[in-house]
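For reference, the structure is listed below as structure tokens.
The values are calculated or read from the model by the stated rules, or taken from the named source; none is laboratory data. Nothing here was measured: the structure is a model prediction, and the numbers come from that model. Neighbour counts run over all protein chains shown; Cβ positions are idealised from the backbone, glycine included. Quick note on the areas: whole protein, heavy atoms, side chains included, nothing else; ligands and nucleic acids left out. Shrake-Rupley method; radii C 1.70, N 1.55, O 1.52, S 1.80 Å.
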Amino acid sequence: MSAVVVVGTQWGDEGKGKIIDLLSAQADMVVRYQGGNNAGHTVKVDDEEFKLHLIPSGILSDSTVCVIGNGVVVDPGVLISEMDSLADRGISTDRLQVSDKAHVIMPYHKALDKLQEESKGDRKIGTTGRGIGPCYTDKISRYGIRMADLVDSRSLSARLDLVLPYVNGLIEGVYGQTGFTKDQIVAEMAPQADRLRSFVTDTSVLVNDAIDAGQKVLFEGAQGTLLDVDHGTYPFVTSSSPTAGGACTGTGVGPTKISKVIGVAKAYTTRVGAGPFPTELNNEIGDWIREKGKEFGTTTGRPRRCGWLDAVVLRYSARVNGLTGLALMHLDTLSGLDQVQICTAYEVDGKRVENFPGDIQVLSQCRPVYETLEGWSGDLSKARSLEDLPENARKYIDRVSEIVGVPVCIVSVGGRRSETIITEEPF
Ligand code: IMP
């Protein structure tokens with residue numbers, strides 16, 4: 001049995017796209033299990049750069065079947081334009097399948113996302129504005145529209161009759177804006193439904209069959225553990241479950257079928273959007289990391305907040321995801337610093353805190369306790385084994401693994417697929 005989940009261990013943007021792309025070359029199937037086009041992966045193949053938001057980056061490998069699971073929220077217009085732009089670059093999307101149970105991001109979800117953010121003033125979450133939260137809200141409150149409804153015009157019509165009075169009540173009554181008409185929505189979405197119909201199926205059957213047949217299946221998490229709606233820094237979170245359990249609920253696969261969980265972590269920490277961030281560096285080192293690591297959002301272009309590696313966060317991620325291995329990314333970015341720091345614990349009111357706090361009020365008072373290690377320099381991108389790295393870089397990797405209690409199975413030393421050290425094969 002070979003079903004591997006890849007999760008982000010921090011606040012997203014850890015470099016999961018590269019790891020997924022790398023492992024997709026060996027995988028028979030890649031399955032996305034949550035989130036939507038709020039995510040963004042930049043994948044470099046040779047010298048070509050691909051930015052993907054919704055379609056699993058496995059699509060870039062020749063024969064991999066790519067699945068958008070039931071836990072994902074799908075903006076049909078975005079999906080179609082991503083399919084078109086891949087086709088323009090000679091990449092077939094025939095191997096793509098979309099769950100009939102995945103919820104659809106409707107035009108009013110995008111409007112509500114913006115209205116809700118505006119109404120929060122300086123307490124806004126800093127969402128990507130893609131309609132993610134309102135779509136998941138409707139899913140849970142049973143006002144959602146699923147892919148199966150979208151591709152069946154009678155079902156879409158019946159659902160809209162039920163949903164629109166409620167949605168327009170919010171848009172008009174609460175926010176004082178003009179609502180949406182059924183005709184307007186159907187006119188926009190009917191051509192999208194026609195285009196996507198043949199891709200929509202019961203993907204739980206496909207994924208379970210693949211695992212049962214001994215195929216290599218990769219579950220691709222978007223965002224990261226600290227953006228998880230349950231386990232993240234609530235309310236500064238996304239509305240889905242990026243943690244490993246989400247791979248089961250978001251695809252219709254039982255936990256007994258998962259063989260490994262690989263946590264992707266940057267060698268430092270970044271965050272976009274608002275919310276507490278104990279190791280944030282509001283200084284020239286933070287700026288240096290941002291520039292050198294090109295820390296600007298794939299989806300929104302926003303500059304990311306940067307800070308030292310937070311091992312309290314990684315230990316927490318190891319626990320809530322049951323990590324079996326760590327992929328340590330951007331080690332090359334830290335090259336050139338005299339010293340590097342790892343946050344090993346927090347301090348609040350003079351007391352040492354070892355476990356990541358559930359309450360963000362407490363988190364915002366946490367001061368990092370650092371361990372300082374000697375830095376390293378030089379170009380790491382040619383390293384293909386740990387022995388090729390400078391001694392201090394190796395010491396850093398060993399120390400991270402020791403503090404977190406999880407072996408490092410992959411080290412990334414550059415953006416390209418080839419610029420990677422694999423110490424333990426994931427499949
Ligand atoms: P939403 O997912 O658009 O609702 O945004 C909620 C929070 O999650 C905001 O702070 C976003 O910046 C953050 N977020 C959503 N997707 C990503 C991602 O792919 N990487 C990093 N942060 C994200």
Greater than 19 Å apart at Cα, pairs in Lys216/Lys260; Lys120/Lys294; Lys110/Lys294; Lys101/Lys260; Lys51/Lys101; Lys18/Lys101: Lys120/Lys294; Lys110/Lys294; Lys101/Lys260; Lys51/Lys101; Lys18/Lys101
Share of alpha-carbon pairs per 5 Å distance bin for the range 264-422, given as whole %: 2, 9, 18, 22, 21, 17, 8, 3, 1, 0
Cα radius of gyration and Dmax for the chain (Å): 21.5, 65
Contact order normalised by residue count of the range 1-153, Cα under 8 Å, 6+ apart, percent: 19
Length gained when the stretch Ala190-Gln26 is fully extended (0.36 nm per residue, less Cα-Cα span): 55.3 nm
Antiparallel DSSP beta bridges within the chain, percent to nearest 5: 40
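Starting from the Cα coordinates of the range 17-118, work out the convex hull volume and express it per residue in Å³.
Convex hull volume per residue, Cα atoms: 107 Å³.
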Relative contact order (percent, whole number), the chain, Cα cutoff 8 Å, 6+ residue spacing: 21
Total charge dipole magnitude, the chain, about the Cα centre, Cβ charges on Lys, Arg, Asp, Glu only, Debye to nearest 20: 660
Among beta bridges that DSSP assigns inside the range 264-422, antiparallel share in %, nearest 5: 70
Per-peptide average of other Cβ atoms within 10 Å, ordering 111-124, 48-61, 293-306 highest first: 48-61, 293-306, 111-124
Summed residue charge, Cβ within 13 Å of Arg367's Cβ, Lys/Arg positive, Asp/Glu negative: -2
Largest to smallest accessible area among Tyr175, Tyr33 [probe 1.4 Å]: Tyr175, Tyr33
Length added when fully stretched, Ser153-Lys395, from 0.36 nm per residue minus Cα-Cα: 81.1 nm
1.4 Å probe accessible area per residue over the chain, in Å²: 40
Dipole axis of the range 103-196 (+1 Lys, Arg; -1 Asp, Glu on Cβ), positive-most option in Met106, Ala190, Gly126: Gly126
Estimated dipole of the range 264-422 in Debye, rounded to 20 [Cβ of Lys and Arg +1, of Asp and Glu -1, Cα centre]: 560
About the Cα centre, charge dipole magnitude for the range 103-196 (Lys/Arg +1, Asp/Glu -1 at Cβ), debye: 280
Spin-label pair Lys294/Ser141, simplified geometry with 7 Å Cα→Cβ offset, distance in nm: 4.1
The chain: calculated mean residue ellipticity at 222 nm from DSSP helix runs of at least 4, using -39500 (n - 2.57): -9500 deg cm²/dmol
